[in-house]
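The values are calculated or read from the model by the stated rules, or taken from the named source; none is laboratory data. On a predicted model such as this, the values are computed, not experimentally measured, just so you know. Here the Cβ is made from the backbone with ideal geometry for all residues, glycine too, and neighbour counts use every protein chain on show.
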Amino acid sequence: MAEALQNVNVLPSSNSKKRPNPNDSNRDDFVAKKPPTSNKPNWEDPVSALANARHEFGEHGGVNMSIEASATFTVMEPETLSRMFAGELGPDRDFFIYSRHFNPTVLNLGRQMAALEGTEAAYCTSSGMSAISSVILQLVSSGDHIVASQTLYGGTHALLTHFLPRSSNITTTFVDIRDLEKTKEAIVEGRTKVLYFESMSNPTLTVANIPELSRIAHEKGVTVVVDNTFAPMVVSPARMGADVVVHSISKYISGGADIIAGAVCGPASLVNSLMDLHQGAFMLLGPTMNAKVAFELSERIPHLGLRIKEHCHRALVYAQRMKKMGLKVIYPGLEDHPDHHLLKSIANKDYGYGGMLCLDMGTEARANKLMNLLQNHTQFGLMAVSLGYYETLMSCSGSSTSSELNEEEQALAGISPGLVRMSIGYSGTLEQRWAQFEKALSRLQDSGLFSKN
Ligand SMILES: Cc1ncc(COP(=O)(O)O)c(C=O)c1O
């Protein structure tokens, strides 16, 4: 019983009944041809959008959807199979072929992701990196060019700097996206296919001017791809003009630090092209999400908003207190953060300013000493990469998740060697955790390695 509470269509478009001719480039279907008439974001609260999305019930009337665990699907007549392969029958009419292609449970999670991000469709993958690499390979061909922010997650930076030029003859120009003029100049009309950036950068927490960057890209026919891993619910890039939103679901959306997953959210034409039998990066590279994983994740999205609010609340309180103590804290919720007003103007109301903060301890030695005390002496958090977990996670970015960037690239990206990135958790009470932080800091001061300003 796959029943719809509300008939909100987040299925692939009706085009999917007939797969596009593989020789047709349908890339143009989702590139905005003209600049938006207004820069005003099309606000829709993500929690409301999720509540309005279709709710799937279980096969026996269960309040939760059933898991379609099958790798393959049977048909009643032999002709049906060939009609599915010819693209006449598809998932929009409940016809499924094989789970590397559309799977009903993964598709349901995709509907939730589309509602969260305000896109027409979405589909989920086995990791954030597979979502990012697949969508880039779908949008950009050999000889084409990308303009990207110089401050990106290390894995994405390495993909663009090293892997894609070698494997696919795809080159990237990195720019400081805060400089809109320079970003515009870097676009080579006709050759640049994608403008790629993070809504809130990893790890430096700079905020992208999504409406303006989208306007600039669209004027030149360039597709805007935004990684919103650091700011789900807080920022909705597609509602401000971005064409495609990618996620590492492994982080906030999962929240459990137990699953690696990703998503591509965008127009139905893009999702269908990714699944094309002849030309689709999802279909042919096979970054498939398991249906059991999709079910697990779909159970976590309804409380994502509550979790995000608490992550953000604690990050703001700690950042304010750290600043008062004289620490060099980077948090876009602080009034003196260079992007505070920009974030305020683009953020969805009432979620906050993100759950990540950075402490610049000056040197790696001091950063390591602080993290060691915070984990092993006071139990404030855990030394680990990743983010969005209920426990606080801490890592020194320069020597971990951004180590793919060389010294010069790290300096350009604004990553100091002593930068400690913290994903603020919500376990324990706020005051209990703060006392643990204070205790570790005074131990650091006692050791003579650190003195407050
Ligand atoms: C901003 C950002 N994007 C993408 C990724 C890659 O995601 P995954 O680890 O799920 O492949 C990460 C991982 O750390 C990330 O921080």
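Identify all residues within the range 387-399 that are touching a residue at least 60 places away in the same chain (Cβ under 8 Å), within 15 Å of the ligand (Cβ to nearest atom) and of a type outside the set (A, V, I, L, M, F, W, C); write none if there are none. Gly388, Tyr389, Ser397 - these are the residues of the range 387-399 that are touching a residue at least 60 places away in the same chain (Cβ under 8 Å), within 15 Å of the ligand (Cβ to nearest atom) and of a type outside the set (A, V, I, L, M, F, W, C).
Just need a number here: residues in the range 385-443 that are over 30 Å from Thr172 (Cβ atoms), touching a helix residue (DSSP H, G or I) at 6+ places or on another chain (Cβ under 6 Å) and in a helix (DSSP H, G or I). Selection size over the range 385-443: 3. Of all residues in the range 130-183, those that are away from the ligand (no atom under 11 Å from the Cβ) and in contact with a Pro (Cβ under 9 Å, 6 or more places away or on another chain) total 4.
Give Val63, Val106 a once-over and let me know the one that is farther than 19 Å from Met283 by Cβ and touching a Phe, Trp or Tyr at 6+ places or on another chain (Cβ under 8 Å).
Details: Val106 fails: farther than 19 Å from Met283 by Cβ.
Exactly one of Val63, Val106 is farther than 19 Å from Met283 by Cβ and touching a Phe, Trp or Tyr at 6+ places or on another chain (Cβ under 8 Å), namely Val63.
Looking at Gly58, is it modelled with pLDDT of 95 or more and in a loop (DSSP other than H, G, I, E, B)? Here the answer is yes, as Gly58 does meet what is asked.
Of all residues in the range 115-136, none satisfies the criterion of being surrounded by 24 or more Cβ atoms within 10 Å (Cβ to Cβ) and in contact with a Lys or Arg (Cβ under 6 Å, 6 or more places away or on another chain).
The residues of the range 372-409 that are among the charged types (D, E, K, R) and over 28 Å from Leu306 (Cα atoms), listed by number, are Glu404, Glu407, Glu408, Glu409. Listed by position, the strands (runs of 3 or more DSSP E) contained in the range 112-186 that have at least 2 residues being over 18 Å from the mean Cα position of the chain (by Cα) are 145-149, 171-175.
When the helices (runs of 4 or more DSSP H) confined to the range 209-317 are screened for residues that are under 25 Å from Ser386 (Cβ atoms) and within 16 Å of the ligand (Cβ to nearest atom), those reaching at least 2 such residues are found at 281-285, 291-298.
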